[in-house]
């Protein structure tokens, strides 16, 4: 059964800057903790990565999964669906970027995860929470450092 979670964070940058960082998937190994390698398998008509295979650290080992990206909500939303994976049966999610009332961008990260191997619920929730927190914290660091550089 898939588990869904959401997490929010405010980033001190414009929504377009956030979208630019998350849609540049080929650079994920430079800033996204646990992402070890990215291979763009196919690009869409605009040349954007559409089908992408990742190798990442998970549960103390290496895992591979392939995502299909949906740019139709851009530049406010980037969504994806998993089409292949060795440890995960589902790894679907999205980033949504909304201007924050205090300035910057409110980032909403949604992730739905289903593992192929049975694990106790508390371990799955802990892993999902780690993925989400690291994804948002790493995104915030990357975006904010790129606008001050």
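The values are calculated or read from the model by the stated rules, or taken from the named source; none is laboratory data. Everything numeric in this text was worked out from a predicted model, so none of it was measured. No Cβ is skipped: glycine too gets one built from the backbone with ideal geometry, and neighbour counts run over all protein chains shown.
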For residue 77, state whether it is farther than 18 Å from residue 28 by Cα and either touching a strand residue (DSSP E or B) at 6+ places or on another chain (Cβ under 7 Å) or free of Cβ contacts under 8 Å to residues at least 24 places away in the same chain (or both).
-> no
Do you know which of the residues in the range 15-51 that are at pLDDT below 95 and assigned to a loop (DSSP other than H, G, I, E, B) is nearest to the chain's Cα centre (by Cα)?
-> 32
Which of the residues belonging to the range 31-58 are more than 20 Å from residue 86 (Cα to Cα), surrounded by fewer than 18 Cβ atoms within 10 Å (Cβ to Cβ) and touching a helix residue (DSSP H, G or I) at 6+ places or on another chain (Cβ under 8 Å)?
-> 31, 48
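Residues are listed down the side, and each one gets a yes or a no for (1) at pLDDT 95 or above; (2) within 13 Å of the chain's Cα centre (by Cα); (3) crowded, with 17+ Cβ neighbours inside 10 Å; (4) part of a helix (DSSP H, G or I):
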{"residue": "69", "(1), (2), (3), (4)": "yes, yes, yes, no"}
{"residue": "78", "(1), (2), (3), (4)": "yes, yes, yes, no"}
{"residue": "81", "(1), (2), (3), (4)": "yes, yes, no, no"}
{"residue": "106", "(1), (2), (3), (4)": "yes, no, yes, no"}
Which residues, taken from the range 83-104, are more than 16 Å from the chain's Cα centre (by Cα) and free of Cβ contacts under 8 Å to residues at least 24 places away in the same chain?
-> 101
